[in-house]
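Participant: Please read through the structure below; I'll follow up with questions.
Values in this text are rule-based calculations from the coordinates and carry no lab data. Values in this document were obtained by computation on a predicted structure and should not be read as measured data. For neighbour counting, all protein chains shown are included, and Cβ atoms are generated from backbone atoms with ideal geometry for every residue, glycine included.
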Amino acid sequence: MAIEFKVEAQVKLQLKSERVAEVILQALMPEVKNQPTQRVTISLKREHSCLFLTFKADSTSALRAAVNSYLRWILSLSEVLSLIEATTNKSG
């Protein structure tokens, strides 16, 4: 039986550069391809330096959990990339 998705959220994130957007996209793709639950589906795409995420879920709580997880991962990845860049700029 197919799950009926009742709620949807779309998120557009403008990132620092196309390179950062691509690195984050590639880092998240394993999660998108192997979603741990059927209660939520996530699609992810990049256009230039923007990431577009679409979440569809069977409940608002499932939607909220998925959105929060992905936004936290993106924030963490952005912070790591910034630290790497800062360290590289200091030493180079």
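Participant: Within 11 Å of the chain's Cα centre (by Cα) and over 24 Å from VAL7 (Cβ atoms), is that true of ALA86?
Facilitator: In short, no.
Participant: What tally of residues in segment 46-64 results from selecting those that are under 13 Å from the mean Cα position of the chain (by Cα) and over 20 Å from LEU15 (Cα atoms)?
Facilitator: Qualifying residue count for the region: 0.
Participant: Given the conditions (1) more than 13 Å from the chain's Cα centre (by Cα); (2) not in a helix (DSSP H, G or I), which single one is not true for VAL80?
Facilitator: With respect to (1) more than 13 Å from the chain's Cα centre (by Cα); (2) not in a helix (DSSP H, G or I), VAL80 is out only on (2).
Participant: Okay, next question. Which of the residues that make up segment 1-44 are over 17 Å from SER82 (Cβ atoms), touching a residue at least 12 places away in the same chain (Cβ under 8 Å) and assigned to a strand (DSSP E or B)?
Facilitator: Matches in segment 1-44: VAL7, GLU8, ALA9, GLN10, VAL11, LYS12, VAL40, THR41, ILE42, LEU44.
Participant: Name the residues in segment 24-53 that are of a type in the set (Ser, Thr, Tyr) and exposed (fewer than 14 other Cβ atoms within 10 Å of the Cβ), would you?
Facilitator: Those that are of a type in the set (Ser, Thr, Tyr) and exposed (fewer than 14 other Cβ atoms within 10 Å of the Cβ): THR37, SER43.
Participant: Could you list all residues from segment 4-23 that are within 23 Å of ALA62 (Cβ to Cβ) and surrounded by 14 or more Cβ atoms within 10 Å (Cβ to Cβ)?
Facilitator: Within segment 4-23, PHE5, VAL7, ALA9, VAL11, LEU13 meet the criteria.
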